[in-house]
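Below is one structure; the comments refer to it alone.
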Amino acid sequence: MSGVNQDNNIATRVTQLQNELDILNKLFEFTSITNAVSDLESLGIQLNAFLVNYFDLKNISFFIEEEEFYRIISHENIESPYSFEFKNEGEGIWHILSEGKPVNLFNEENQRMYRSFFEAYDLFELNAQVLLPFVYQGNIIAIIVLGEKGSEEPYTEKDLAFLQHLIKFFVPVIHKFGKQKEKEANLIYLQKTLHNISILYNIGQAMNFIDDLKRLIQIILAKAIQTLGAERGSLMLYDPSSEELVVKVVYGLPDKEFEKKINDGHMECTRIKIGEGIAGDAFANKKAIITNLGENDPRFFPSEVSRVQSLICLPLVVKEEAIGVINISNKKEGKFFNQDDLDFMGALANQAAIAISNAQLYELAITDSLTKLFIRRHFDYLFEMEIKRSTRYKHPISLLMMDIDNFKSINDTYGHQTGDEMLRRISNVIKTTIRKIDMPCRYGGEEFALILPETQKKFAKKIAERLRKRIEEVVVRTDENVEISPTVSIGISNFPFDGKEKDELMNYADKALYFAKKMGKNCVAEYNENGCLLVQDEDD
């Protein structure tokens, strides 16, 4: 009997040694996997492939904890993998998982356990048979979900023992790569933050040096679109007269000619009532809105300009008052706007709101409320600066002084409302006729002045005649339904041909103006040291 027992003991020992050798071989394979990867994602791919091959699995998924949720980083044969996520509720199955041992989800009668967990997060399509929790210092840092074997046989105690070795080996590896990923994410976040701060700083600097508000807003929109990886953007301002939001600037439209027409004010986009659509909602409640539903969002207001798949909309608020909204739409590559985008745009919107508010206050200070042309004080300053610049660079300047003929009689006969409407209409003609570099001013009641930089007198004559003819075509309807058309008389002087000082040039242009009045009105005259001359009515 002793010989038989001895043989049994030897057989048992051989089996133990064989099992230990198998484990050592597997540990060697584990080491090979570890040495072949450099990050968490590639580790997940390699580990999944190993387990699929070892057990002939139909499917497998590797979950990592990120921001309180467990999300898939690698998988095999899982449909819509990134729709699956779950949270550590600290009860039920989580008590079992926290022990760091493989959890067989089927009992001896082959009935599924912990159904409430799978129902709560709709995880049945994972076809989970065994869960492998990786626990580091009490925290479940990862979970591998093993699916059904190809043979459809249940997992054995030997399988679970092997998986326990796998868990023990890979816990520190997953922790190391997890920390590495965290550091890389922090580095990316810091780099992005520095980039965003740099952009905000540059915009802040631009606010100090760019006096063209539309150009500044275009720069702001361009930087926002670039940083967020979006397609296009727009800025809307509140119009108190109609209580609507009006598109003032757009950027990123495929049709650049169409974009330019909108930005130049030659084409008006859809107006939005306060509280209407996403932009109206953001304005009314002074709260930013992110929607990644695009036109499927029930709040969405149809766009005549472009189709919208995703949108981030922020109110422009100054001293607790909303003045407009900024919209960035269509994140590229089908991506969605997120909280990081919102944080950056919040800072950008604050800068944009300050810039716009300052520009609006400045505009109120330098423009006439009725005609929206420069006031006399600002005109005097511009003229002084332009003379200094032209003296330095030896460029000519032409000055036009313009007066509405018989304006007092029009006011007395038809009332001041008719007179105001006539001033507005003439101002619009001036603004749409002159160049961007020209500087128009309401100099007095019915008197206008225009600085024409880098313009010789012969070209100033043509501009003056063009203005006179277009103003003559204006028709104003009075309250009595009478149609009246204004005429103007215009005087011209030139730097340095006629004079080199502001007051001198103003005086000469004024003399030419009153010479035109004397010669019958509705005409243009130029100053000449030998006497003012009427400008011939030539075709443009």
Show me the strands (runs of 3 or more DSSP E) entirely contained within segment 1-87 in which 2 or more residues are surrounded by fewer than 12 Cβ atoms within 10 Å (Cβ to Cβ) and modelled with pLDDT under 80.
none
Limited to segment 212-269, what total is found for residues that are loosely packed, with under 15 Cβ neighbours inside 10 Å and either farther than 30 Å from Met439 by Cβ or of a type in the set (S, T, N, Q) (or both)?
7
Are any of the residues in segment 379-395 touching a Ser or Thr at 6+ places or on another chain (Cβ under 6 Å) and hydroxyl-bearing (Ser, Thr, Tyr)?
no
Could you please let me know if Val475 is free of Cβ contacts under 8 Å to residues at least 24 places away in the same chain and among the aliphatic types (A, V, I, L, M)?
yes
Looking at Thr371 and the list (1) out of contact with any Gly (no Cβ under 9 Å at 6 or more places or on another chain); (2) assigned by TED's automatic domain parsing to the domain that holds Ile290; (3) among the polar types (S, T, N, Q), which single condition is not satisfied?
(2)
Restricting attention to segment 307-331, which residues are assigned to a strand (DSSP E or B) and small (Gly, Ala, Ser)?
Ala322, Gly324, Ser329
So, first residue within 21 Å of Ile140 (Cα to Cα) in segment 153-169, second residue aromatic (Phe, Trp, Tyr) and at pLDDT below 90, Cβ within less than 6 Å, six or more apart or across chains; the pairs are Phe169/Phe30
Taking segment 332-376 and keeping only residues that are crowded, with 16+ Cβ neighbours inside 10 Å and in a loop (DSSP other than H, G, I, E, B), one is left with Phe337, Asp368, Thr371, Leu373, Ile375
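For Arg307, indicate whether it is among the basic types (Lys, Arg) and either outside the structural domain of Asp341 (by TED's automatic domain parsing) or surrounded by 14 or more Cβ atoms within 10 Å (Cβ to Cβ) (or both). First the steps, then the outcome.
Working: among the basic types (Lys, Arg): yes; either outside the structural domain of Asp341 (by TED's automatic domain parsing) or surrounded by 14 or more Cβ atoms within 10 Å (Cβ to Cβ) (or both): no.
So Arg307 does not fit the description; no.
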Please determine, by comparing only the residues of segment 310-325 that are farther than 30 Å from Asn186 by Cβ and in contact with a Lys or Arg (Cβ under 6 Å, 6 or more places away or on another chain), which one is surrounded by the most Cβ atoms within 10 Å (Cβ to Cβ).
Pro315
Selection count, segment 104-127, where residues are within 22 Å of Asn77 (Cβ to Cβ) and aliphatic (A, V, I, L, M)
3
For segment 478-501, which positions are under 23 Å from Val535 (Cα atoms) and not in a loop (DSSP other than H, G, I, E, B)?
Val488, Ser489, Ile490, Gly491, Ile492, Ser493, Asn494, Phe495
Considering segment 458-478 alone, what residues qualify as being crowded, with 19+ Cβ neighbours inside 10 Å and out of contact with any helix residue (DSSP H, G or I) (no Cβ under 6 Å at 6 or more places or on another chain)?
Ala460, Lys461, Ile463, Ala464, Glu465, Arg468
So is Glu109 more than 43 Å from the chain's Cα centre (by Cα), assigned by TED's automatic domain parsing to the domain that holds Glu41, part of a loop (DSSP other than H, G, I, E, B) and farther than 23 Å from Lys26 by Cβ or not?
yes
Could you check, for segment 125-135, whether at least one of its residues is surrounded by fewer than 16 Cβ atoms within 10 Å (Cβ to Cβ), farther than 27 Å from Gln339 by Cα and not charged (D, E, K, R)?
no
Looking at Ile328, Ile274, can you tell me which residue is over 30 Å from Phe379 (Cβ atoms), surrounded by fewer than 21 Cβ atoms within 10 Å (Cβ to Cβ), at pLDDT 90 or above and among the β-branched types (Val, Ile, Thr)?
Ile274
Which numbered condition Pro440 misses (of (1) in contact with a helix residue (DSSP H, G or I) (Cβ under 9 Å, 6 or more places away or on another chain); (2) in a helix (DSSP H, G or I); (3) not polar (S, T, N, Q)):
(2)
Quick one: what pairs do we get from segment 75-95, first residue without any contact (Cβ under 8 Å) to a residue 24 or more places away in the chain, second small (Gly, Ala, Ser), C-beta under 8 Å, 6+ apart or different chains?
Pro81/Ser61
So, in segment 147-160, how many residues would count as being outside any loop (DSSP other than H, G, I, E, B) and either buried (at least 18 other Cβ atoms within 10 Å of the Cβ) or modelled with pLDDT under 90 (or both)?
2
Considering segment 383-399, residues that are aliphatic (A, V, I, L, M) and buried (at least 17 other Cβ atoms within 10 Å of the Cβ), and then whichever is nearest to Met439 (Cα to Cα), we arrive at Leu399
State yes or no: is Val135 under 24 Å from Glu85 (Cα atoms) and either in a helix (DSSP H, G or I) or touching a residue at least 40 places away in the same chain (Cβ under 8 Å) (or both)?
no
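The values are calculated or read from the model by the stated rules, or taken from the named source; none is laboratory data. If you're wondering where the values come from, they're calculated on a predicted model, not measured in any experiment. Every residue, glycine as well, gets a Cβ built from its backbone with ideal geometry; the counts of neighbours run over all protein chains shown.
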